[in-house]
Amino acid sequence: AVHVLGLAGLWYMHTVHFNWATVGLAVVLFLLCHLSITDGVHRLYAHRAFKAHRTYQVFHLLFFSATFQYSALAWAQMHRLHHWYTNTARDPYCVLHGFWWAHCLWILRTPIRLDPKVIRELRQNRFLRLQHKYHYRLAFTFGLGLPAGIAWMWGDFWGGLLVGGFTRLVGQYHTTWSIN
């Protein structure tokens, strides 16, 4: 459904209404979301490469939610398991399950149970716990509602929803997944 609606966004821009502001919004949202994956959940949480002020953490958690890639706790846990068990049956993105599994099908799996041994110190962070509890609501709010609401201000609600929401999300998915 995300891919079909992402294509609908391209059709909308080409056929119904092209707006540079909406394209710019989609690009900015893509960059903020991608930063929240690479610098936020990947470097800050999964690898604990640095410490960050709570404002910076909240920024990353809100924009990471817009990527529809589970909660930050679940993502960090899966990423740690990926590093611990690379290319074995316990690797969540293992290519041994096939190319399509490693590329994208892993996202369709039933959400994993959080293992306290893997993410013990992360579970102490109240922002991570809140984002985990409300990650679906935050995903819809920041991933779809935010671009639709912003674009509505210049009269392009549908462009914001389709292009800033779904087309951006398809690009986000495949950019992230291409690494696997």
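The values are calculated or read from the model by the stated rules, or taken from the named source; none is laboratory data. Being a predicted model, the structure only gives us computed values, none of them experimental. Because the Cβ atoms are built from the backbone with ideal geometry, glycine has one as well, and the counts that use them run over all protein chains shown. Ligands, DNA and RNA are excluded from the accessible area calculation, which covers all protein heavy atoms including side chains. Shrake-Rupley method; radii C 1.70, N 1.55, O 1.52, S 1.80 Å.
The figures follow:
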read-out: So residue 118, is it under 18 Å from residue 27 (Cα atoms) and assigned to a helix (DSSP H, G or I); value: no
read-out: Residues of region 143-162 satisfying the condition of being open to solvent by 10 Å² or more (accessible area, probe 1.4 Å) and either within 17 Å of the chain's Cα centre (by Cα) or of a type in the set (Ser, Thr, Tyr) (or both); value: 144, 145, 146, 161, 162
read-out: Filter pass, residue 136 being open to solvent by 60 Å² or more (accessible area, probe 1.4 Å) and assigned to a helix (DSSP H, G or I); value: yes
read-out: Tally, over region 81-119, of residues that are open to solvent by 50 Å² or more (accessible area, probe 1.4 Å) and in contact (Cβ under 8 Å) with a residue 40 or more places away in the chain; value: 2
read-out: Cβ pairs under 6 Å, 6+ apart, first in region 41-59 and over 15 Å from residue 82 (Cβ atoms), second open to solvent by 50 Å² or more (accessible area, probe 1.4 Å) and assigned to a helix (DSSP H, G or I); value: 49/43
read-out: Residue satisfying condition, being among the polar types (S, T, N, Q) and under 17 Å from residue 173 (Cα atoms), within set 124, 77, 69, 131; value: 69
read-out: Subset of region 81-107 (residues that are of a type in the set (Val, Ile, Thr) and part of a loop (DSSP other than H, G, I, E, B)); value: 86, 88
read-out: Residue list for region 146-180, filter: assigned to a helix (DSSP H, G or I) and among the β-branched types (Val, Ile, Thr); value: 150, 163, 167, 170, 175, 176
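Conditions (1) out of contact with any Leu (no Cβ under 7 Å at 6 or more places or on another chain); (2) within 22 Å of residue 145 (Cα to Cα); (3) at pLDDT below 95, marked per residue:
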position	(1), (2), (3)
17	yes, yes, yes
27	yes, yes, no
62	no, yes, no
79	yes, no, yes
